[in-house]
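Here's the structure we're looking at; comments come further down.
The values are calculated or read from the model by the stated rules, or taken from the named source; none is laboratory data. Note that the coordinates shown come from a computational prediction; the quantities given were computed from them, not determined experimentally. No Cβ is skipped: glycine too gets one built from the backbone with ideal geometry, and neighbour counts run over all protein chains shown.
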C-alpha cells in the first residue's frame, strides 16, 4: 500500500461537509491498491457514520469506515486509524476540508522526483464548497526545503504550517517499528497536532513543497478553532506542556531551545492569555486561571522575554502587557479590564 489517509470525523454530516471531503478522496487519481482512506467516526451524534458506511459499500477497494466506542477527540480518532494504516506514506485531512483530484498523486510524484520524505503544499481558505482558490495561505516556504540541516530545522520548527497539508513517510509519524503499536497523538484534547509536530519535523531528512493551493480549508463558525472556552484554553496549555516534554524526552531541547521556548510561549501562554482576557469571552475564574498560567510560564522559561523570536514576533502592546503581568498580576488584570472598558466606550 502506497498511502494511507486518516480522516477523523465528528458531526460533519450537515451541509454535505463530510460528503464534499469524502468525494474528493475517493475520486483521487491514484489507482485502487495504492491508496486507502480510513475514516474514523468519533461518536458522532448525527448521521456521519451512516454516510461513511455508504462510502465503504460503494468504494470497498479504497475506503474503510471505523467507529470509536468513546469520544477521544481528533487525536483519539487519528490513533485508531493509524493502528490499521498499511501505507508507506501517511496523510491526514480534516473532515470538513477537501482536496483537488490529483492531490496525493502530485505530492507523491514530488517525493519520487526528489527523494523527499515529507511533502506539502499551499492551501486556500474558503467559506463555501468550491474548487476556485479563495484566500491563499503559503503553508511553507522554499527556504525550508531540500535536504535538512540545522538551519532548515530551525525554520521548520518556527513555521511548521498545517500538518494536514502534508504527507509523511511512515517512519516520521511512527518513529520506528517498535513504536507502531503505541498512541501517536494525545487524546481528549484539541491542538493534538501542535503536541507532536516538533518531533515529526526533526525526523524529516528531506522536505519538499509545491507552491500551489491544492487543499481547501473550509472556514465555518462550528469549527473548533473559532471556539473559546475554558476547556479549549486548557487544551492549549496541555499541548504546550507536551511540546516541552517531547523536546526533553527526545533530546532536542538544548539544540533548539530558542525555537522550543518561543513555540511554548506562544501556544501555552501568549495566545491563551489574550484569548482568556476579553470581556465578551470572559471565562469563569479568569483571574486565578491567568495568574496560575503566568506562574507556570515563569517556571518553565524564566527568561522567555529575552527570546530573540519573542522580541521580533510578539506585538509591542502584548509585550507591554505581558511585562506588566510578570511584575504584578493584580496590576495587569485591573489595567487590562479598564483598558477593555475604555475601548468599549469609544466604539
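Here are a few things to note about the model shown:
- The set of residues in the stretch 1-47 being free of Cβ contacts under 8 Å to residues at least 40 places away in the same chain, in a loop (DSSP other than H, G, I, E, B), within 25 Å of residue 172 (Cβ to Cβ) and in contact with a helix residue (DSSP H, G or I) (Cβ under 6 Å, 6 or more places away or on another chain) consists of 42 alone.
- Annotation: of all residues in the stretch 82-91 being assigned to a helix (DSSP H, G or I) and more than 17 Å from the chain's Cα centre (by Cα), the one that is nearest to residue 192 (Cα to Cα) is 83.
- Output for the stretch 301-333, where each listed residue is farther than 24 Å from residue 158 by Cβ and exposed (fewer than 12 other Cβ atoms within 10 Å of the Cβ): 327, 328, 330, 331
- Test: residue in the stretch 42-60 that is crowded, with 22+ Cβ neighbours inside 10 Å and closer than 23 Å to residue 191 by Cα: yes
- A count restricted to the stretch 92-104 and to residues that are surrounded by 18 or more Cβ atoms within 10 Å (Cβ to Cβ) and either modelled with pLDDT under 95 or more than 18 Å from the chain's Cα centre (by Cα) (or both) stands at 3.
- Residue in the stretch 235-254 that is nearest to the chain's Cα centre (by Cα), counting only those that are free of Cβ contacts under 8 Å to residues at least 12 places away in the same chain and in a helix (DSSP H, G or I): 245
- Which listed residue, of 257, 292, 298, is touching a helix residue (DSSP H, G or I) at 6+ places or on another chain (Cβ under 9 Å), surrounded by fewer than 20 Cβ atoms within 10 Å (Cβ to Cβ) and free of Cβ contacts under 8 Å to residues at least 12 places away in the same chain: 257
- Evaluating residue 132 against the criteria (1) more than 22 Å from the chain's Cα centre (by Cα); (2) modelled with pLDDT of 95 or more leaves one unmet condition, (2).
- Failed condition for residue 213, given (1) touching a strand residue (DSSP E or B) at 6+ places or on another chain (Cβ under 6 Å); (2) within 30 Å of residue 16 (Cβ to Cβ); (3) surrounded by fewer than 19 Cβ atoms within 10 Å (Cβ to Cβ): (3)
- Among residues of the stretch 105-128, those that are more than 13 Å from residue 209 (Cα to Cα) and surrounded by 15 or more Cβ atoms within 10 Å (Cβ to Cβ), counted: 3
- Condition met for residue 183 (surrounded by fewer than 22 Cβ atoms within 10 Å (Cβ to Cβ), at pLDDT below 95 and farther than 27 Å from residue 298 by Cα): yes
- Residues of the stretch 59-75 satisfying the condition of being in contact (Cβ under 8 Å) with a residue 24 or more places away in the chain and more than 25 Å from residue 183 (Cβ to Cβ): 59, 61, 62
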